[in-house]
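**Student:** This is the structure, below, for whatever I ask next.
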Amino acid sequence: MSQELLLVALVDLVPGAVEDGARYEDEVLALLPRHGGTLQRRLTTGATEVQVIAFAARCGYESFMTDPERLAIRERYGDRAPAARVLEVTER
């Protein structure tokens, strides 16, 4: 039986391209539902975003990461696309 995958993404927006980075995140996060993902929280300090994302199964996360549309969006933004550190978490 598959178990929900819960992730926290720490997204560092590129200095001088914060608005572009936020738009990039808007676009790629909109792709989550096609992979069984949901955005549970999206918080910001202005230069960093913290996103809590859940996937119905790990394969949904894997397909999201390799989604051709997501990859094309990343290529379109180039150096303005933010860097993210993704942590798999569990609730206590």
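The values are calculated or read from the model by the stated rules, or taken from the named source; none is laboratory data. Remember, it's a predicted structure, so these values are computed and weren't measured experimentally. Glycine gets a Cβ as well: all are built from the backbone with ideal geometry, and neighbour counts include every protein chain shown. With ligands, DNA and RNA removed, areas are computed over all heavy atoms of the protein, side chains included. Shrake-Rupley method; radii C 1.70, N 1.55, O 1.52, S 1.80 Å.
**Student:** Return the sequence-ordered ³J(HN,Hα) values of the range 18-24 in whole Hz as given by the Karplus equation 6.51 cos²θ - 1.76 cosθ + 1.60 applied to θ = phi - 60°, using x for Gly and Pro.
**Tutor:** Per-residue couplings from phi come out as 4, 5, 4, x, 5, 5, 4 Hz.
**Student:** For the range 73-87, take each phi angle, set θ = phi - 60°, evaluate the Karplus expression 6.51 cos²θ - 1.76 cosθ + 1.60, and give the result in whole Hz per residue in order, putting x for glycine and proline.
**Tutor:** In residue order, the calculated couplings are 4, 4, 5, 4, 7, x, 5, 7, 6, x, 9, 10, 10, 10, 10 Hz.
**Student:** Let me ask another. For the range 1-61, calculate the relative contact order in percent as a whole number, restricting contacts to Cα pairs under 8 Å that are 6 or more residues apart.
**Tutor:** 48
**Student:** Okay, moving on. What order, most packed first, do the peptides 75-81, 3-9, 41-47 have when packing is the mean number of other Cβ atoms within 10 Å of each residue?
**Tutor:** 3-9, 75-81, 41-47
**Student:** For the chain, what is the accessible area per residue in Å² when the probe is 1.4 Å?
**Tutor:** Ligands and nucleic acids excluded, the figure is 64 Å² per residue.
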